[in-house]
Amino acid sequence: MIIEFTVGNFLSFRENKTLSLEATNITEYKESTFKSGKFKLLKSAVLYGANSSGKSNFIKAMSTMKRIVMTSVEKTSASKFEIIPFLLNTSTENKPTFFELVFLIDKTRYRYGFEIDNSSIHGEWLFKLEGDNEIPLFIREENGIGVTDNFKEGHGLESKTRENALFLSV
């Protein structure tokens, strides 16, 4: 279950923009929220705004993140991603795009994300919330992938992960 989605440097989004499905303390519409563990979440959300304000691009960002997670392992080492960064600023056009998702599985909160350009993954991370602390499961940086003892499923896969494949997908 999705709690938050964040995108940055993608299409019309220069800065990071986040859609949060976490409910606030407003008590007027209790029927529109539900509890999952210690999290109070919205049952639905609506994106609205003027024409050309980025609604469709936000949905494209979500779809692009899903597509990359599902297909990056199937690509060849020469395959390119179809990432279009924010092009209206020279300082961002050659920087990686940022995707991050906060979600629940069996009442456990995870935070997963990656930074990507058309040819490679620049960073990737997965954290698990235990109590009030985020515990890293793996962190990928330009110089390698670090897998912790809390993510035994990932041990031994570091060397099998190509520059243009997500570690999570492998």
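Details
- Set THR6, THR97, THR18: member being touching a Pro at 6+ places or on another chain (Cβ under 6 Å), modelled with pLDDT of 90 or more and within 25 Å of GLY123 (Cβ to Cβ): THR97
- Checking region 29-41 against the condition returns no match, with no residue being open to solvent by 50 Å² or more (accessible area, probe 1.4 Å), outside any loop (DSSP other than H, G, I, E, B) and closer than 28 Å to HIS122 by Cβ.
- Among residues of region 144-157 that are touching a residue at least 24 places away in the same chain (Cβ under 8 Å), those with a beta-carbon under 6 Å from a residue that is part of a strand (DSSP E or B) at least six positions away or on a different chain give the pairs PHE151/LEU137; PHE151/PHE138.
- Within region 58-69, the presence of at least one residue that is surrounded by 12 or more Cβ atoms within 10 Å (Cβ to Cβ), closer than 24 Å to ILE116 by Cα and aromatic (Phe, Trp, Tyr) is confirmed.
- The residue that is nearest to PHE167 (Cα to Cα), among those in region 42-57 that are open to solvent by less than 50 Å² (accessible area, probe 1.4 Å) and out of contact with any Leu (no Cβ under 6 Å at 6 or more places or on another chain), is GLY54.
- Considering region 103-151, the qualifying strands (runs of 3 or more DSSP E), each wholly inside and each with 1 or more residues that are open to solvent by 40 Å² or more (accessible area, probe 1.4 Å) and either of a type in the set (S, T, N, Q) or closer than 22 Å to THR92 by Cα (or both), run over 108-116, 121-130, 133-141.
- Residue in region 90-106 that is at positive phi and either without any contact (Cβ under 8 Å) to a residue 24 or more places away in the chain or of a type in the set (D, E, K, R) (or both) present: yes
- Residues of region 152-170 that turn out to be surrounded by 11 or more Cβ atoms within 10 Å (Cβ to Cβ) and outside any helix (DSSP H, G or I), as a count: 11
- Of all residues in region 1-28, those that are assigned to a strand (DSSP E or B) and within 26 Å of ASP117 (Cβ to Cβ) total 11.
The values are calculated or read from the model by the stated rules, or taken from the named source; none is laboratory data. This structure is a prediction, so every number in the text was calculated from the model and none was measured. Glycine also receives a Cβ, built like all others from the backbone with ideal geometry; neighbour counts cover every protein chain displayed. Areas reflect the complete protein model, heavy atoms only, side chains present, ligands, DNA and RNA absent. Shrake-Rupley method; radii C 1.70, N 1.55, O 1.52, S 1.80 Å.
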